[in-house]
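**Q** Pasting in a structure now, in structure tokens, and then I'll have a few things to ask.
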Amino acid sequence: QVQLVESGGGFVQAGGSLRLSCVASGRSIRFNAMGWYRQAPGKQRELVAVISSGGTLNYADSVKGRFTISRDNAKNMVYLQMNSLKPEDTAVYFCNAAGTYYAGDYFGRESFNSWGQGTQVTVSS
């Protein structure tokens, strides 16, 4: 199993910045992709940004030019730098990671797709 924990959310005025962090824990993790999703009240969860194992980046159109996703493989961490925040960015932000981990001598390496519990980001006008 692989567990994810997010941090860095908070309350900020429009135009401000926040940096979200996510750390993964597990045995011998190899990431295929890491990303950030968000869910606003009354709306479905949506993709914000994703980075593949090869470094390919993808962003939602609504955050392009404002948000930047990055990773630190040595620390099993992924980050989301959020600049020029808007009230529309208010949501719970979730970290997501997919890949493989070591599940023991019998099972060997197994795939995973894990989610964090989320961190609240609130942007005031």
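**Q** Given H placed on each backbone N at 1.01 Å, which residues far from V5 in sequence or on other chains put an amide H within less than 5 Å of it?
**A** Long-range HN contacts for V5: V23.
**Q** If you don't mind, another one. How much accessible area per residue does the chain have, in Å², with a 1.4 Å probe?
**A** 54 Å²
**Q** Moving on to the next point. Among G9, G26, Q44, whose Cα lies farthest out toward the positive end of the dipole of the stretch 1-47, if unit charges sit on the beta carbon of Lys, Arg (+1) and Asp, Glu (-1)?
**A** G26
**Q** Here is a follow-up. So what's the net charge close to Q81: Lys and Arg +1, Asp and Glu -1, counting the other residues with Cβ under 11 Å from its Cβ?
**A** Value of the local net charge: +2.
**Q** From zero up to wherever the largest Cα-Cα distance of the chain sits, split into 10 Å bins and tell me the percent of pairs in each.
**A** Calculated over all Cα pairs of the chain, the distribution is 14, 45, 29, 10, 2, 0 percent.
**Q** Right, another one. Where the accessible area of the chain is counted over protein heavy atoms with a 1.4 Å probe, how much of it, in %, is carbon and sulfur?
**A** Of the solvent-accessible surface of the chain, carbon and sulfur hold 46 percent.
**Q** To the nearest 20 Debye, how big is the dipole of the chain about its Cα centre, given +1 on the beta carbon of each Lys and Arg and -1 on that of each Asp and Glu?
**A** Charge dipole, the chain, about its Cα centre: 120 debye, nearest 20.
**Q** Counting only Cα, what are the radius of gyration and maximum Cα-Cα distance Dmax of the stretch 71-110, in Å?
**A** 16.3, 50
**Q** Could you work out the local net charge near R109, counting Lys and Arg as +1, Asp and Glu as -1, over the other residues with Cβ closer than 14 Å to its Cβ?
**A** Charge balance near R109 sits at 0.
The values are calculated or read from the model by the stated rules, or taken from the named source; none is laboratory data. What you see is a predicted model, and the numbers here were worked out from it, not measured in a lab. Cβ atoms come from the backbone with ideal geometry, glycine included; neighbour counts cover every protein chain shown. Note: areas computed on protein heavy atoms with side chains; ligands, DNA, RNA excluded. Shrake-Rupley method; radii C 1.70, N 1.55, O 1.52, S 1.80 Å.
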